[in-house]
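Some notes on the structure that comes next.
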Amino acid sequence: MLDFQFFIEVLVGGLLSGLMYSLVALGFVLIYKASGVFNFAQGAMVFFAVLSFVGFMELGLPFWGALPVTVVLMVIVGMATERFVLRPLVNQNENTLLMATIGLAFVIEGVAQMVWGVDVRRLDLGIKDEPISWLADKTGVFVSQLDITAGVVAGVMVAALGLLFSRTKVGRGLRAVADDPAAALSIGIPLKHIWMLVWAAAGVVALVAGMLWGARSGVQFALVLLALKALPVLIIGGFTSVPGVIVAGLIVGGSEKLAEVYIGPSFGGGIEGWFPYMLAVLFLLIRPEGLFGEKIIRRV
Amino acid sequence: MFYREAGQFRTTYAQDTQLLPLREDRVGMAFMLIIAFGVIPFVASDYWLSALLIPWLILALVALGQNILMGYAGQLSLGAAGFMAVGAFACYNLILRVDGIPFVVAIALSGVCSALVGIVFGLPSLRIRGLYLAVATLASQFFIVWALDKFGWFKNYDVAGVITAQQIVIFGHTFATPQEKYWVVLVIVAALTWAAKNMARGSIGRGWMAVRDMDVAAEVTGLPLMRTKLQAFAISSFYCGVGGALFAFAYLQTVEPSAFTIELSFRILFMVIIGGLGTILGSFLGAGFILLTPIFLNILFHAIFGKAVDATITSALEQVIFGVMIIAFLIFEPHGLARMWQQTKERLRLWPFPH
Amino acid sequence: MLIDAILRRALPGIVAASALIGVAAAPSTAMAQVAEQYFGVPSSRVGPYAAMGTGYYGGIIDYLNYVNMKEGGVNGVKLTYEECETEYNAARTVECYQRLLQKGDQKMVVFDVLGTPGAYAVIGRMAADNVVLAQYGYGRTDAADGRVWPWVFGAHSNYWSQIAVQLNFMAQKEGGIDKMKGKTVVHLHIDTAFGREPLPAMRLIAKEWGINLVEIAVPAPGLEQQSQWLQIRQLKPDWITFWGAGSGMNSTAITTAARVGFPREKIIYVTFGGAEEDMIPAGDAAKGTFVTANAVPGKTFGLIADIEKVVYGVGKGNLGNPQRLGTVYYNRGVSAAVMWVEGMRNAQKIHNKVGKPVTGPEFRDGYEAINMTPERLKELGIDGIVPPFKLSCLNHEGAGKFKIMQWDGAKFQIVSTDWVAPPDPAFIRKLIEDSAAKYAAENNITPRTCS
């Protein structure tokens, strides 16, 4: 029997989880959009960012002190990546770039564990991850403050990045670079600065995603595996679309929870690991460039 | 000086189409095979055989499969470990359920099973390209491992879920020692490498390369796109399946889904790229590099720092160095180790008078 | 660019050189010194299971050093060790096993890989190589039958005993086994062999007691468990047994339980999922969670306090963060090493080799002769950390006993003062023997006779 209230609850829970995936996926999109690089190191950056943030707090910095320090650190990481990894690899094909970012992920993970150790840490943002009681009483749907915060943060970030891309000079430059780096360079768009900026922005996005995930699951190595959760979101949304990430996140989150709860038990469960990927393949068969991706036109 | 082709003329068609047209290459290859078959098994320690050489050969075979798909046919795939798992489990079930099946037949059939699965998961490639395809192939990776783990039949309803692989028995003889296993692996790998080399330089390989370079153009010129792509998926999966079966039977000696994780898929991808896309030699060099570097770094660091430095830090440092090496390789030699060997060969040819 | 050009030229040279260095550094055949006993330490210090690996192997290494520093070794035989990084990965474990197997002219005598995947990967090699596989409460459960598995030990307590103890604990809380009838228990587990290991015993007990058992799997890495916990909320189970791996999964389970409002006082964690590292990241939400312990945490035990003084006092400790002394994984590691050393001591005694290093078969005999009486535990300084137990030819498990502890938000409080055994140990034993007999039949092993 379909219990409708339970169905709603699963759906809501799934949609909220989906927004958490979107947060991670956003960093991928930023970099792909600007430099055509599928940055597999994004998961490692999430881990490194929030680990450093907690690390600085352990060293005695207050919350609002550690935050800017970490942001600066992530900007430096982004700039260094651009300078030492991507610039030498300019004009290489996308396989090579993908490999380079996986190599980068090894480096970042290694450095993070070397500098901050392998202890598991706790991050308390002061946001409760317990069901909001009046909502639970009234509707029977369990939603926590952290869920809502994550949703709001994801929405704000998407809006901000959307504005950045469409309304500012930098954003126009970004879009030009994404279209054709050589042409953009020739009309005087400072390519290097734009790339540095994007990598820095991706670092900040990673920090935000890391803080919300860290608050929920603890600050630890497993955060790097979040990248695997973000991939189906990315392909469904399209690699180049910021709003697509949110929509796809909702689709993935909602459908995987429903599938796990309603279909999973007949197969012994645990189908969440592959379900989003299968869903993504289905989407791709209908639209090979993702829901919001730019149409790929192929010419001979 | 050592490597000169001057004075070697091809006078027959047979000579023109032979695998190694140069005498130096033939001598070199014969020499290497003699060493590989006749010398190494007797001088290498058990550690070298069972922990380094056997997995190296097996992973080279898998990398070769990945290279067929990625380097020759241009289809980016991240599912190699999944197909390995199919091979491993197929081999286990064949030996278990078919009485008296010869090991070599079981291995070949597990490759076929894997190829069939590969065709199914290769279907999306007809419509999806590039990175999108890569992520789509991840679906196969996750689904296969999940299914093998979930349905008890594959594991013969073993409670533990980790199965002990059966003995390798060929013509009534049990291949148990590292030497014997090494020979089994070496023969299979050598045969399949020879086959791959011939496929790659023949019409099949040319079809793949045409698809890789521009699939629309290939189709326009009359190449059946669907057949070529699926053929590449099938053959690639066959190699992965055989490799997976050997990995389980000759190396791990257990059959379990969690040995074939996405990380292994990534490593295989590395092997192909570091080794050199679209080269047979590169698969071997790349597999050696990716498999052995972390091990040597680990040994090296323990030898240098001993117990003076926190092992946690050295373990993390190994990771960093490994990552830096990969990036450095991609920057300085994006065409991989195989190209480096080519250049060395060029230099040898001119040595000692480079001008 | 010039640098590029230079590097591009030099790259083959660099590769060749590093390969050479690697070859040179590979296990050398240098002669081992007399009166040294070599141990192999297959540690896992990076990756998702790093918190577990650093604590456990830190404890092992600290104890080996402690024995050297405090007593000058075991009857004068210095203990040495080599480490190898397994990354908690079956393939790397096999490589590490082969690498550690031989050092100089000594062979490794005991292998303890702290993980079910790794243990299964090497379990078939033990008899041929004459190495003891010590599985401290993990790995292959039916190895407790020493007739089929002469070289494999599950000291001192395995998963089947553990699940029985957990169910028994629930029965106590509910007021008796007869009260368990009709109760719903969810076994929430990671979707791997480790997660399913207790099920054979659990299903049978559930059937006997009339428990409604529901199995729910969490795919690794388990950072997202919303759907599993929503199912749980729908089921409204009375108790949950949780078999998770990696602190990411373990702490997420708690926080998600909090989000769906499931009381943590109704969750019992497995030994390998319930350590400080798994509780702390969950914050206040973890308060009340139960954990079964096969090694009790705490710094006040004689041996742990002495290690802190002797080893850490002179700055020779292995833990990066000395704060972790006395944590669950650390104390478990120390206890594991105590068993190694005790096995070696016994081996010297049995085979008349006091003051000399022992070989694999001798070590095996010594390990099998471990008899941890309460007095012996007191002498060793680990009374209270592990229960008294005795291994024998037949019984490779030993105690089969656990303590239940509860997280109070800052540390673990012991709930059961005594070590708890399964309500019907003979029942578990029979399961083990049946399973081992099945394995022996399938793999053409003739069990040895014990008498």
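Tell me which residues, restricted to region A:255-273, are over 13 Å from C:Glu224 (Cα atoms) and either in a helix (DSSP H, G or I) or at pLDDT 90 or above (or both).
Answer for region A:255-273, where residues must be over 13 Å from C:Glu224 (Cα atoms) and either in a helix (DSSP H, G or I) or at pLDDT 90 or above (or both): A:Ser255, A:Leu258, A:Ala259, A:Val261, A:Tyr262, A:Ile263, A:Gly264, A:Pro265, A:Ser266, A:Phe267.
Can you find a residue in region C:165-180 that is under 24 Å from C:Pro425 (Cα atoms), away from every other protein chain (no Cβ under 11 Å) and within 19 Å of the chain's Cα centre (by Cα)?
Within region C:165-180, one or more residues are under 24 Å from C:Pro425 (Cα atoms), away from every other protein chain (no Cβ under 11 Å) and within 19 Å of the chain's Cα centre (by Cα).
Could you check, for region C:293-301, whether at least one of its residues is under 25 Å from C:Pro387 (Cβ atoms), surrounded by fewer than 22 Cβ atoms within 10 Å (Cβ to Cβ), among the β-branched types (Val, Ile, Thr) and away from chain A (no Cβ under 12 Å)?
Yes, some residue in region C:293-301 is under 25 Å from C:Pro387 (Cβ atoms), surrounded by fewer than 22 Cβ atoms within 10 Å (Cβ to Cβ), among the β-branched types (Val, Ile, Thr) and away from chain A (no Cβ under 12 Å).
For every residue, the table says whether it meets (1) in contact with a Gly (Cβ under 8 Å, 6 or more places away or on another chain); (2) modelled with pLDDT under 90; (3) of a type in the set (Phe, Trp, Tyr).
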| site | (1), (2), (3) |
| --- | --- |
| C:Asp105 | no, yes, no |
| C:Val110 | yes, no, no |
| C:Pro117 | no, yes, no |
| C:Ala121 | no, yes, no |
| C:Arg125 | no, yes, no |
| C:Gln135 | yes, no, no |
| C:Pro150 | no, no, no |
| C:Gln166 | no, no, no |
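Tell me which residues, restricted to region C:431-451, are crowded, with 16+ Cβ neighbours inside 10 Å, more than 23 Å from the chain's Cα centre (by Cα) and assigned to a helix (DSSP H, G or I).
Across region C:431-451, the qualifying residues are C:Ala437, C:Ala440.
For region B:319-336, which positions are outside any loop (DSSP other than H, G, I, E, B) and either within 7 Å of another protein chain (Cβ to nearest Cβ) or modelled with pLDDT under 85 (or both)? Talk me through it step by step, then tell me what you get.
Step one: list which residues in region B:319-336 are outside any loop (DSSP other than H, G, I, E, B), which gives B:319-332, B:336.
Answer for region B:319-336, where residues must be outside any loop (DSSP other than H, G, I, E, B) and either within 7 Å of another protein chain (Cβ to nearest Cβ) or modelled with pLDDT under 85 (or both): B:Gln319, B:Val320, B:Phe322, B:Gly323, B:Val324, B:Ile326, B:Ile327, B:Leu330, B:Ile331, B:Phe332.
Which numbered condition trips up A:Gly110, out of (1) away from chain B (no Cβ under 14 Å); (2) without any contact (Cβ under 8 Å) to a residue 40 or more places away in the chain; (3) within 27 Å of A:Leu89 (Cα to Cα)?
Of the numbered conditions (1) away from chain B (no Cβ under 14 Å); (2) without any contact (Cβ under 8 Å) to a residue 40 or more places away in the chain; (3) within 27 Å of A:Leu89 (Cα to Cα), the odd one out for A:Gly110 is (1).
Does region A:254-264 contain any residue that is within 29 Å of B:Glu219 (Cβ to Cβ), more than 10 Å from chain B (Cβ to nearest Cβ) and surrounded by fewer than 24 Cβ atoms within 10 Å (Cβ to Cβ)?
No.
If you check every pair at least six apart or on different chains, which have Cβ atoms under 6 Å apart with a residue in region B:251-274 that is more than 21 Å from C:Asp191 (Cα to Cα) first and a residue that is not in a helix (DSSP H, G or I) second?
Short answer, once both residue conditions are applied: B:Gln253/B:Ala165.
Would you pick out the residues in region C:188-229 that are more than 10 Å from every other protein chain (Cβ to nearest Cβ) and at positive phi?
If the condition is that a residue be more than 10 Å from every other protein chain (Cβ to nearest Cβ) and at positive phi, then C:Gly210 is the only one that fits.
In region B:262-314, which residues are at the interface with another protein chain (Cβ under 7 Å from one of its Cβ atoms) and touching a Ser or Thr at 6+ places or on another chain (Cβ under 8 Å)?
B:Ile273, B:Phe296, B:Asn298, B:His302, B:Ala311, B:Thr312, listed by residue number.
Considering every residue within region C:255-269, establish whether at least one is touching a Phe, Trp or Tyr at 6+ places or on another chain (Cβ under 6 Å) and under 15 Å from C:Pro48 (Cα atoms).
Checked region C:255-269: no residue is touching a Phe, Trp or Tyr at 6+ places or on another chain (Cβ under 6 Å) and under 15 Å from C:Pro48 (Cα atoms).
Pairs under 8 Å by beta carbon, first residue more than 7 Å from every other protein chain (Cβ to nearest Cβ) and more than 21 Å from A:Ser133 (Cα to Cα) in region C:237-263, partner among the β-branched types (Val, Ile, Thr) and part of a helix (DSSP H, G or I), six or more apart or different chains?
So the pair list comes out as C:Ile240/C:Ile232; C:Thr241/C:Ile163.
Taking the conditions exactly as written (modelled with pLDDT under 90, surrounded by fewer than 24 Cβ atoms within 10 Å (Cβ to Cβ) and more than 25 Å from C:Thr449 (Cβ to Cβ)), does C:Arg92 satisfy them or not?
Criteria met by C:Arg92.
Would you confirm, using the coordinates I've provided, whether A:Gly155 is modelled with pLDDT of 80 or more and more than 30 Å from C:Thr256 (Cα to Cα)?
no
Considering only region B:183-257, give the helices (runs of 4 or more DSSP H) lying wholly within it that have at least 3 residues that are aromatic (Phe, Trp, Tyr) and away from every other protein chain (no Cβ under 14 Å).
Where helices (runs of 4 or more DSSP H) fall fully within region B:183-257 and carry at least 3 residues being aromatic (Phe, Trp, Tyr) and away from every other protein chain (no Cβ under 14 Å), they are B:225-246.
Failed condition for B:Ile274, given (1) under 18 Å from B:Ile144 (Cα atoms); (2) over 12 Å from the mean Cα position of the chain (by Cα), with all others met?
For B:Ile274, the exception is condition (1).
Please enumerate the residues belonging to region A:116-131 that are within 23 Å of the chain's Cα centre (by Cα) and not hydrophobic (A, V, I, L, M, F, W, C).
Listed by number, the residues that qualify are A:Arg121, A:Arg122, A:Asp124, A:Gly126, A:Lys128, A:Asp129.
Residues of region B:125-152 being touching a residue at least 24 places away in the same chain (Cβ under 8 Å), surrounded by fewer than 22 Cβ atoms within 10 Å (Cβ to Cβ) and of a type in the set (Phe, Trp, Tyr), which ones?
Across region B:125-152, the qualifying residue is only B:Phe143.
Residue by residue through region A:151-174, note down the ones that are in contact (Cβ under 8 Å) with a residue 60 or more places away in the chain and surrounded by fewer than 16 Cβ atoms within 10 Å (Cβ to Cβ).
The answer is A:Gly155, A:Gly162.
If you check every pair at least six apart or on different chains, which have Cβ atoms under 8 Å apart with a residue in region B:14-41 that is without any contact (Cβ under 8 Å) to a residue 24 or more places away in the chain first and a residue that is surrounded by 11 or more Cβ atoms within 10 Å (Cβ to Cβ) and outside any loop (DSSP other than H, G, I, E, B) second?
B:Leu20/B:Arg26; B:Leu20/B:Met29; B:Pro21/B:Gln15
Any chance you could count how many residues in region B:90-121 are under 30 Å from A:Phe239 (Cα atoms) and either more than 12 Å from chain A (Cβ to nearest Cβ) or more than 23 Å from the chain's Cα centre (by Cα) (or both)?
3
Within region C:25-39, is even one residue part of a helix (DSSP H, G or I) and modelled with pLDDT under 80?
yes
Residue by residue through region A:66-97, note down the ones that are at the interface with chain B (Cβ under 8 Å from one of its Cβ atoms) and at pLDDT below 85.
The answer is A:Gln92, A:Glu94, A:Asn95, A:Thr96.
For region C:320-334, check the following and say yes or no: at least one residue is outside any helix (DSSP H, G or I), surrounded by fewer than 21 Cβ atoms within 10 Å (Cβ to Cβ) and either without any contact (Cβ under 8 Å) to a residue 60 or more places away in the chain or not charged (D, E, K, R) (or both).
For region C:320-334, residues outside any helix (DSSP H, G or I), surrounded by fewer than 21 Cβ atoms within 10 Å (Cβ to Cβ) and either without any contact (Cβ under 8 Å) to a residue 60 or more places away in the chain or not charged (D, E, K, R) (or both): present.
Applying the selection to region A:192-228, what residues are within 12 Å of chain C (Cβ to nearest Cβ) and among the aromatic types (Phe, Trp, Tyr)?
A:Trp213, A:Phe221
The values are calculated or read from the model by the stated rules, or taken from the named source; none is laboratory data. In this text, all values refer to a predicted model and were calculated from it rather than measured experimentally. Every residue, glycine as well, gets a Cβ built from its backbone with ideal geometry; the counts of neighbours run over all protein chains shown.
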